[in-house]
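The structure appears below as structure tokens.
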Amino acid sequence: MHMADALLSPIVAGAMYVASGTAAGTSVVKLKKDDEPSKLPTMAVASALVFAGQMINYTIPGTGSSGHLCGGMLLSALLGPYAGFLSMVVILTIQCLFFADGGLMALGANCWNMAFYGCFVGYFLIWRPILHSRWFSNMDSKAATRLKITIASVIGCILTLQLGAFSVVLETSLSGITELPFGAFMALMQPIHLAIGLVEGLITSAVLLYVFEARPELLQEVDAEEKGFQNKRSLKATLAVLAAVVVFVGGGLSLFASSNPDGLEWALFGNAESGYSENMALDEDDYGVSSDVADTAADIQEHTAFLPDYAFPDNDSSVGTTVSGIVGSLIVAVIAAGIAVLGGFFRKKQANA
């Protein structure tokens with residue numbers, strides 16, 4: 001769902017920068033009050049996990065399209081909405097600047113579409129209410145919590161991807177992209193992202209269920225101590241397993257990612273060369289709107305992206321994908337942790353003398 005600059009007018013792109021910047025500023029203020037130091041290493045590893053996960057496009061059968069993890073629900077369940085949103089901003093910014101994934105002018109819109117809904121709408125309207133609900137109260141509390149985690153993950157991912165997909169349609173419409181009639185574009189974007197969201201929900205629930213079994217105290221809104229849920233692994237061991245998954249996914253599994261276009265690209269350009277529909281049938285080399293702002297953003301991106309499209313420049317070697325997965329995950333982890341340290345987040349409050 002990474003939008004290119006050609007899909008936005010400068011005015012709409014600027015408005016989305018303001019919206020996402022406001023959400024980021026609010027998150028910084030909220031995190032200043034946080035006093036959970038264990039979130040610092042968790043933020044680094046979880047951010048890297050989402051970066052690596054986004055490199056894996058999974059095929060949506062029968063469509064000629066593919067999808068990939070967004071990660072907002074996953075991060076907010078582990079870190080809370082504010083740390084989760086800032087982590088997503090780091091991920092999307094690194095993808096944009098170093099890997100040319102998503103336009104620089106469109107970065108504010110991408111943060112809103114891919115991060116805001118998952119981290120805030122998904123957390124406050126789906127994750128928290130379901131985890132605190134009385135659902136399955138006749139069951140063992142641990143089994144009930146597993147079911148709640150699964151249901152919240154699936155519903156949350158489906159709903160927030162639907163909102164993100166709708167925002168893409170709305171933003172392009174407001175930008176005056178006449179080649180993309182609102183109704184026709186929405187009729188393509190919503191169903192394909194329904195399928196993508198379902199798969200993401202299952203992936204998210206699998207990761208969160210592992211964390212619940214290993215270290216339930218890491219999950220937001222679970223109340224592990226109150227319910228008597230015991231940690232089976234130390235924090236270091238739990239994060240070490242997740243870090244190993246990052247290396248495996250980013251450095252190895254990414255080589256087997258689907259080559260089909262993702263949901264947004266599929267809606268815009270179709271996949272006729274593989275025997276599927278042309279959909280909106282836009283020309284991949286000439287579509288949307290152009291502007292001086294977009295040209296400047298593209299020039300900056302061209303100079304900062306040292307692994308464009310997750311590959312070595314002018315080299316088709318698969319090693320480039322492996323390097324991109326590992327290096328990108330490491331950069332994201334370091335920057336996410338660095339921002340937390342510089343911002344003074346997650347430090348134990350000192351008692352007043």
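Read-outs: derived from the displayed coordinates by stated rules, not from any lab. Predicted model only: the values in this text are computed from it and were never measured. Counting neighbours? That spans all protein chains shown, and the Cβs are built from the backbone with ideal geometry, glycine included.
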**Message:** Quick one: 3J(HN,Hα) in Hz for segment 126-143, Karplus 6.51/-1.76/1.60 with θ = phi - 60°, rounded, Gly and Pro as x.
**Reply:** 10, 4, 4, x, 5, 5, 9, 6, 9, 4, 6, 5, 7, 9, 4, 4, 6, 5
**Asked** From the backbone phi of segment 54-60, what are the Karplus-calculated ³J(HN,Hα) couplings (6.51 cos²θ - 1.76 cosθ + 1.60, θ = phi - 60°) in whole Hz, Gly and Pro given as x?
**Response** 5, 7, 9, 7, 9, 5, 9
**Message:** Amide H of Ser65 versus every other amide H placed in the peptide plane: which residues, excluding those fewer than 5 positions away on the same chain, fall under 5 Å?
**Reply:** Ile60
**Asked** Can you list the HN-Hα couplings for segment 2-7, worked out from phi with the Karplus curve (6.51, -1.76, 1.60; θ = phi - 60°), rounded to whole Hz and with x for Gly and Pro?
**Response** 5, 7, 8, 4, 5, 8
**Prompt:** Treating the beta-carbon of each Lys and Arg as +1 and of each Asp and Glu as -1, no other charges, what is the dipole magnitude of segment 208-315 about its Cα centre, to the nearest 20 debye?
**Reply:** 1200
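Counting Lys and Arg as +1 and Asp and Glu as -1, each charge on the Cβ, what is the dipole of segment 5-342 about the Cα centre in debye, to the nearest 20? Walk me through the intermediate numbers first.
Working: 14 positive and 30 negative charges, 425 e Å.
So the magnitude is around 2040 debye.
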**Request:** With unit charges on the beta carbon (Lys/Arg positive, Asp/Glu negative), name the residue among Leu78, Gly183, Leu107 whose Cα is farthest towards the positive pole of the charge dipole of segment 5-342.
**Result:** Leu78
**Prompt:** Can you sort Val154, Val293 by how many other beta carbons sit within 10 Å, fewest first?
**Reply:** Val293, Val154
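Any idea what the dipole of segment 11-130 comes to, in debye rounded to 20, about its Cα centre with Lys/Arg Cβ at +1 and Asp/Glu Cβ at -1?
The dipole of segment 11-130 has a size of about 200 debye.
Under the rule a/c < 1.5 gives rounded, and otherwise a/b versus b/c splits prolate from oblate, where does segment 5-342 land using the Cα gyration tensor? If you can, show how the numbers build up before the last one.
On the way: a/c = 1.61, a/b = 1.49, b/c = 1.09.
Prolate.
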**Complete:** Farthest towards the positive end of the dipole of the chain, among Leu147, Ala333, Val319 and with Cβ unit charges of +1 on Lys and Arg and -1 on Asp and Glu, lies the Cα of Leu147
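Rounded, prolate or oblate, given the Cα gyration tensor of segment 242-315, with a/c below 1.5 counting as rounded?
Details: a/c = 2.50, a/b = 1.18, b/c = 2.11.
The shape class here is oblate.
Remind me, relative contact order of the chain in percent, using alpha carbon pairs under 8 angstrom and six or more residues apart? Please report the intermediate quantities before stating the final value.
Numbers: 611 pairs, mean separation 109.3, N = 353.
About 31 percent, as a whole number.
By count of other Cβ within 10 Å, fewest leading, how are Glu171, Glu265 ordered?
Details: Glu171 22, Glu265 19.
Lowest to highest Cβ neighbour count: Glu265, Glu171.
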**Request:** Using only Cα atoms, tell me the angle between helix 292-304 and the longest principal axis of the chain; keep it within 0 to 90° and round to the nearest 10.
**Result:** 60
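Quick check on segment 20-152: take the gyration tensor over C-alpha atoms, sort the square-rooted eigenvalues as a ≥ b ≥ c, and tell me if it's rounded (a/c under 1.5), prolate or oblate. Mind dumping the intermediate values first?
Working: a/c = 2.02, a/b = 1.27, b/c = 1.60.
Oblate shape, in that a/c is at least 1.5 and b/c is the bigger or equal ratio.
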**Least to most buried among Ser329, Ser324 (fewest other Cβ within 10 Å first)** = Ser324, Ser329
**Prompt:** Mind checking the angle between helix 319-342 and the chain's longest principal axis? C-alpha axes, 0 to 90 degrees, to the nearest 10.
**Reply:** 50
**Prompt:** Taking a temperature of 4 °C and a viscosity of 1.567 mPa s, what whole-number D in µm²/s does Stokes-Einstein yield for segment 159-314 with Rh from Kirkwood over alpha carbon pairs?
**Reply:** 67
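When Lys and Arg each count +1 and Asp and Glu each count -1, what net charge do the other residues less than 11 Å away from Leu79, Cβ to Cβ, add up to?
On the way: positive: Lys39; negative: Asp34, Glu36.
Neighbourhood net charge equals -1.
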